[in-house]
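The values are calculated or read from the model by the stated rules, or taken from the named source; none is laboratory data. If you're wondering where the values come from, they're calculated on a predicted model, not measured in any experiment. We place every Cβ from the backbone using ideal geometry, glycine too, and count neighbours over all the protein chains shown. Please note that ligands, DNA and RNA were not included when accessible areas were found on the heavy atoms of the full protein model with its side chains. Shrake-Rupley method; radii C 1.70, N 1.55, O 1.52, S 1.80 Å.
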Amino acid sequence: AIVARIVPVGALDDLAECALAIEVIVENLQVKAELLQKLEGLLGGDSILATNTSSLSVTELGRTLRRPAQFAGMHFFNPATVLPLVEVVQGAATDPAVVACLTATAKAWGKVPVTCRSTPGFIVNRVARPFYGEAMRLLSERAAEAVDIDALMRDSGGFRMGPLELTDLIGQDINFAVTQTVFEGFFGDPRYQPSLVQRELVLAGHLGRKTGRGFYRYVDGVAQTTPAAAALEPKPDTIVVCGSLGPADALAELAQAVGIAVSREAGEGYIRIDELKLFLTDGRLATQRALTEGRVALFDLALDYVQADRIGLTFADQVPAELRCKAIGFFQALGKKVSLVEDVAGLVVMRTVAMLINEAVDAEYLAVASAEDIELAMTMGVNYPIGLLQWCQQLGAHRVLQVMENLARNSSDGRYRASPLLRRRAALENMPSAAIRDNP
């Protein structure tokens, strides 16, 4: 029935009666503009033209047309037969009635439309840049192998695919081109800086699954690799939970459930195993923290510490082997595979999620789209496990801000600067409730 409703044509002239024409050709502004200009000359004055560009400026394309008010972006996500999201993009000259019409049309097709302004990357390709960028930076910092980074993002972070395997699926050339477009569109903002690691893959022709090699090697379309896990270690008999563990509070209950004796003391929020202090990463290096905290290990963020079957773990350089084994054995006793990560700022999941949250909050702050549409875009367009603004609420804006500020102290290029709106929300969380009541 679907095929019966598709009518191929052999010439543009055959499209003259169309009320809506959506261009879905090569990501080249000049080539797109030439086609759109031809279509505009053929279609009636009330017809709407749309572009499916994923990153080019709708405003700039509209400027090449005689009726820019009748032109907008209508960005579908692949595979379009499966993913429901459509970004309806309003250029500077687009008539709001055209945006309303395209939104209603997408809904009638059973899609989930979101509306946004024509800014580099729109919603998804802007907010999602750190998902890829941080993984590649971690790889260049030799924090872990590609397979371990991907495994942590899937098995601990809750994402459907790891960022490096996803770029192999998308195509390294395509993902790199989008990153370059967004980077240039923001006048070289370091938050969107392309990766030298990815550029080398593109220059070598290692474009991912379609060439049989990218970050991974493929045989019959299947990656030939298995994530590593630390060797099995004995579990500790007892642990001490010092203060609140925040998002990781469930670890204490899990420990009791597997027969580890748990006692509690006041403290800054860590698990003590003998003289080892085990903290959830806050963006600082373990070796930095060891200067004031003694023997320190850091574990990574998980979307759900009960459901996660993998955890990232790192140690300060001063921690001896026997204490390392006890920390590894603790997580293994909870049913978690342990991926050992080098001592890098923010580890893997926390660093990436903090950057994603900051980007989503900043998109809301700059009115790229509404908060509701940002959440829909990231869950419906790229299948994130939870809306990023919701994740910020769960972690607490103050915690996300703390991670961002600590990441910024380990980097001098401005990449990790926090959104002003994130700072405001963190300040509100820290304000006494009486002050909020008195100054609503």
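Projected over every direction and averaged, the convex hull enclosing the alpha-carbon atoms of region 192-262 yields 9.3 nm².
For region 142-220, a Kirkwood radius taken over Cα pairs fed into Stokes-Einstein (25 °C, viscosity 0.890 mPa s) yields D = 185 µm²/s.
Close Lys pairs in the chain, defined as Cα atoms under 29 Å apart and 8 or more places apart or on different chains, number 15. The alpha carbons of region 36-178 occupy a box of 56, 30, 21 Å along the principal axes, longest dimension given first. Region 346-410 and region 250-266 have Cα centres spaced 30 Å apart. Every helix of 4 or more DSSP H residues in the chain counts as -39500 (n - 2.57), and over all residues that averages to -12000 deg cm²/dmol at 222 nm.
Working from the Cα coordinates of region 1-97, the gyration tensor eigenvalues give, after taking √(5λ), semi-axes of 20, 18, 13 Å in decreasing order. For the chain, the antiparallel share of DSSP beta bridges with both residues in that region comes to about 40%.
Over all directions, the average projected area of the alpha-carbon convex hull for region 84-243 comes to how many nm²?
On the way: hull surface 60.9 nm².
Mean projected area for region 84-243: 15.2 nm², to one decimal.
Taking a ≥ b ≥ c as the square roots of the eigenvalues of the Cα gyration tensor, region 323-385 is classed as prolate, since a/c reaches at least 1.5 and a/b is larger than b/c.
When +1 charges are put on Lys and Arg Cβ atoms and -1 charges on Asp and Glu Cβ atoms, the dipole computed for the chain relative to its Cα centre reaches about 160 debye. The angle separating the long axis of helix 349-365 from the principal Cα axis of greatest extent in the chain is about 40 degrees.
Name the residue, out of Glu134, Glu275, Glu359, whose mean-square fluctuation peaks in a Gaussian network model built on the chain with Cα pairs under 10 Å. The residue that fluctuates most here is Glu275.
The alpha-carbon atoms of region 51-90 define a convex hull whose volume equals 61 cubic angstrom per residue. Starting from one equal scatterer on each C-alpha and no solvent at all, send me the Debye-based log10 I(q)/I(0) for region 301-440 at q = 0.15, 0.21 Å⁻¹, two decimals. Values, matching the q order: -0.89, -1.27. Each residue of region 143-156 was assigned a 3J(HN,Hα) from its phi angle through the Karplus curve 6.51 cos²θ - 1.76 cosθ + 1.60 (θ = phi - 60°); the sequence is 5, 6, 6, 4, 5, 6, 4, 5, 4, 5, 5, 7, 7, 10 Hz, with glycine and proline shown as x.
Take the Cα pairs of the chain, get the Kirkwood Rh, then feed it into Stokes-Einstein at 25 °C and 0.890 mPa s and tell me D in µm²/s. Mind showing how you got there, number by number?
Working: Rh = 23.7 Å.
The diffusion coefficient I find is 103 µm²/s.
Considered as an equivalent ellipsoid built on the Cα gyration tensor, region 204-304 has semi-axes of 38, 18, 13 Å, the largest given first. Once the Cα atoms are used to define both axes, helix 397-409 deviates from the longest principal axis of the chain by about 90 degrees.
Loop-located GluC sites (Glu not before Pro) in region 1-58 (DSSP state other than H, G, I, E, B) with a sparse environment of at most 11 neighbouring Cβ atoms within 10 Å: Glu17.
Determine the sum of side-chain charges near Gln393: Lys and Arg each +1, Asp and Glu each -1, restricted to other residues whose C-beta is under 10 angstrom from that of Gln393. Write down the numbers at each step before the final one.
Working: positive: Arg425; negative: Glu429.
After counting each charged neighbour, the total is 0.
Taking all protein chains into account, the per residue accessible area for the chain stands at 45 Å² (1.4 Å probe).
In loop segments of region 147-233 as defined by DSSP, the chymotrypsin sites (Phe, Trp or Tyr not before Pro) with at most 12 further C-beta atoms inside 10 Å of their C-beta are Phe187. Work through the residues other than Ala97 whose Cβ is under 14 Å from its Cβ and net out their charges, Lys, Arg +1 and Asp, Glu -1. Net local charge, Ala97 excluded: -1.
Using the reciprocal of the averaged 1/r over all distinct C-alpha pairs, how large is the Kirkwood radius of region 111-186 in Å? Working shown, then result.
Details: mean 1/r = 0.0743 Å⁻¹.
For region 111-186, inverting the mean 1/r across all distinct Cα pairs yields 13.5 Å.
Across region 289-303, rounded Karplus estimates of 3J(HN,Hα) from the backbone phi angles (6.51 cos²θ - 1.76 cosθ + 1.60, θ = phi - 60°) give 5, 5, 4, 10, 9, x, 7, 10, 10, 10, 10, 8, 5, 10, 4 Hz, Gly and Pro being marked x. Each 5 Å bin from 0 upward holds the following percent of the Cα-Cα pairs of region 89-154: 4, 14, 17, 14, 12, 9, 10, 10, 8, 3, 0. DSSP loop trypsin sites (Lys or Arg not before Pro) in region 1-90 with at most 16 other Cβ atoms within 10 Å of their Cβ, which ones? For trypsin sites (Lys or Arg not before Pro) across region 1-90 that sit outside H, G, I, E and B with at most 16 neighbouring Cβ atoms in 10 Å, the list reads Arg66. Against the main long axis of the alpha-carbon atoms of the chain, helix 172-185 sits at an angle near 80°.
In this structure, the amide hydrogen of Arg295, modeled 1.01 Å from its nitrogen in the peptide plane, lies closer than 5 angstrom to those of Lys277, counting only residues at least 5 positions away or on a different chain. Comparing Leu291, Leu39, Leu276 in a Gaussian network model of the chain where C-alpha atoms under 10 Å apart are linked, the largest mean-square fluctuation is found at Leu291.
Here's how it looks for Lys337: its modeled amide H is under 5 Å from those of Arg310, Ile311, which are all 5 or more places away or on a different chain.
Antiparallel beta bridges, as assigned by DSSP with both residues in region 265-394, represent about 45 percent of the total such bridges.
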